[in-house]
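The structure appears right after this line, and notes come after that.
Taken together, the values in this text are just the output of simple stated rules run on the coordinates, not laboratory data. Not measured: the values here are computed from a predicted model. Virtual Cβ from ideal backbone geometry, glycine too; neighbours counted across all protein chains shown.
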Amino acid sequence: MPDIQLTKGDIVLSRRNLLTTGAAAVGAGALTGTFTSPAAEAAAKPTPSTAAGSIPKFAVAMPVPEVLRPVRRSWNTDYYRMTMRTVSTEIVPGHQTEVLTYDGSFPGPTIMAESGRRVVVEQTNALDTPVSVHLHGASVPTSSDGYPMNVIEPGGTRTYTYPNVQPNANLWMHDHAHMEEAEHVYRGMSSMVVLSDAAERKLGLPSGEYDVPLVIRDVDLDDNAGIVFTMDDSVNRTTILVNGKPWPYFTVEARKYRFRVLNSTNLRWLAPFLADASSYTMVGSDGGLLEAPYSTPAVVLSPGERADIVIDFSTYAPGTSVVLQNLAGTGDPAEIMRFDVVAAKTEDHSRVPAALRTLPALPTPTVQRSVVLTMDEDGRPNPMGYINGKTFDMNRIDTTVRFGDTEVWTVSNGNVTTPHNFHMHLVQYRVLERNGKPVDPSEAGLKDVVALLPGEEVKIQMTFDSYRGLYLYHCHLMDHSAMGMMAQMEIV
Ligand code: C2O
Ligand code: CU
């Protein structure tokens, strides 16, 4: 078997059982570590509960999240209604687990949106906690952006308007209530929104039942299969769920499939990898299609990042199976799901063209800023997160941006052991460089989350030409943003 080495910055991720050099081992250690603070690191090895420990792998079929139907359609708008409510769902076979949901499903239903058509969602909060709905990756007016203080109180309703004046992208609806976002998302407030357009459809990528979201996350379950949320616990969340089910299997035909992979974990890195080391084709990232497809054995995804990938199962004999592993995990989280291959029903006419899209030219930037992400990592009891030394304060505007400007932000992780990443609301940016070097093809498209391992630095460029108002930027390890690693900009 070939030795697979993937690089993201200076980190070398090597196939666990094929570590050959010391450098690779160190790099893989950094990536397969539990990404936690030294205190938590010292405290514990995971102790799976009896419920979690009893979950057989690849025993439950992976569901495909249902597609939400609009309640009404006009010539330019699709109207939806969703109720946020608590439901019980079966995660561990034979047990019921209480989860928070968008409209009763875990994860929430998928909304299929179309570039140029507005989506209007009337959200009713039937939970007993205030919520705020954010559409991650979307360019929306600040009134519909899910600002942490613009909450929907229990029993309340609020209507969000999404203009969809941007090309195809895999967007993510998730909670953003002030300091509660980490726990709410972890308990289930997460739904995918697939924004498509005519240019994308013309490409002939696998579509319909061969175009499937893979919403991957982890969870810590107690002995009764209840969800345990402990702030910043990256040790015990060892049960991997895909579309809400633990280590499921998915029956695929021997043909090409498109998978829209979302890392919806709060803290965990994922690197999906087919166990036989065969490559798949990455066609899109956070902000939609890449310019060109990229063939790779694994894509590294930090929390909130998306990868649109095409896997060709025609190379597998019907009746065989292949496990999707997680190269960035050890123990239980080193496995994600299994694909069981059956004969194709019909001929596969889908294709992956050599050119997928042309990204707009990069305007000349006129403003440079720098952002340093840090978190207390000295083991103190209530660690806080900081951006440029400050914890989030909704009464403070951290950055004022002139409408229309193109800026370059140098973002760095000032910690020694804690990984972070960087998300901006409103804009999709381009990653110009990582640690002074050109970026990997997986990061060359439009991005809204960029990973930053300890000591790393990236330069990102964005143009603020869509809306004015207040928007957030933060670490998307959601426990970290809830611990204060968040700031706001005003576009004026
Ligand atoms: Cu996906 Cu402010 O978040
Ligand atoms: Cu962080």
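Some observations on this one:
- Relative contact order of the chain, pairs being alpha-carbon contacts under 8 Å that are 6 or more residues apart, as %: 16
- Three-way shape call for region 276-335 based on the alpha-carbon gyration tensor, with the a/c threshold at 1.5: oblate
- Remark: relative contact order (region 72-198) = 29 percent; criterion is Cα-Cα distance under 8 angstrom and separation of 6 or more residues.
- Theoretical gain in end-to-end length, Ser54 to Arg73 [0.36 nm per residue, Cα-Cα removed]: 2.2 nm
- Each Lys and Arg Cβ is given +1 and each Asp and Glu Cβ -1; about its Cα centre, the chain then shows a dipole of about 1040 debye.
- Cα gyration tensor shape for region 264-410, rounded if a/c is under 1.5, else prolate or oblate: oblate
- Working from label points 7 Å from Cα in the Cα-to-Cβ sense, the Ala275 to Thr400 distance is 5.9 nm.
- Peptide packing: for 98-104, 338-344, the average count of neighbouring Cβ atoms within 10 Å per residue gives the ranking 98-104, 338-344, highest mean first.
- For the chain: rounded, prolate or oblate by the Cα gyration tensor [a/c cutoff 1.5]: rounded
- Per-peptide average of other Cβ atoms within 10 Å, ordering 357-364, 66-73, 458-465 highest first: 458-465, 66-73, 357-364
- A full extension of the chain between Ser295 and Phe229 corresponds to an added length of 20.1 nm, given 0.36 nm per residue minus the alpha carbon distance.
- Counting Lys and Arg as +1 and Asp and Glu as -1 over every other residue whose Cβ lies under 11 Å from the Cβ of Leu203, the net charge comes to +3.
- Part-to-part distance (alpha-carbon centres) for region 136-191 and region 440-481, which is given in Å: 17
- Estimated dipole of region 208-350 in Debye, rounded to 20 [Cβ of Lys and Arg +1, of Asp and Glu -1, Cα centre]: 220
- Dividing the summed -39500 (n - 2.57) terms of all DSSP H runs of n ≥ 4 by the residue count of the chain sets its mean residue ellipticity at 222 nm at -1500 deg cm²/dmol.
- Note on the chain: dipole from Cβ charges, positive end direction compared against Met462, Leu356, Pro56; the farthest Cα belongs to Leu356.
- Here the relative contact order of region 344-422, from alpha carbon pairs under 8 Å that lie six or more residues apart, stands at 37 percent.
- Environment charge at Ile216 (Cβ cut-off 14 Å; Lys +1, Arg +1, Asp -1, Glu -1): +2
- Taking the Cα centre of region 367-491 as origin and assigning +1 to Lys and Arg Cβ atoms and -1 to Asp and Glu Cβ atoms, the resulting dipole is close to 220 debye.
- Lys-Lys pairs in the chain that are eight or more residues apart or on separate chains and whose Cα atoms lie under 14 Å of each other come to 5.
- Electrostatic bookkeeping for Thr129 treats Lys and Arg as +1 and Asp and Glu as -1; over the other residues with beta carbon under 10 Å from its beta carbon, the sum is -4.
- Modelled label positions at Ala354 and Glu122, each set 7 Å beyond Cα in the direction of Cβ, lie 5.2 nm from each other.
- Sparsely packed loop sites in region 193-257 (the chymotrypsin sites (Phe, Trp or Tyr not before Pro) outside DSSP H, G, I, E and B with at most 10 other Cβ atoms within 10 Å) do not occur.
- Note on Asp465/Met384: beta-carbon distance plugged into 1/(1 + (r/R0)^6) with R0 of 45 Å gives a FRET efficiency of 0.85.
- Lys/Arg +1, Asp/Glu -1 at C-beta; the chain dipole; positive extreme among Thr129, Asn326, Val193: Val193
- Computed FRET value (nearest 0.05) for Lys345 with Ser143, which takes r as the C-beta separation and R₀ as 56 Å: 0.75
- When each of the peptides 281-293, 317-329 is scored by the mean number of other C-beta atoms lying within 10 Å of its residues, the order from highest to lowest reads 281-293, 317-329.
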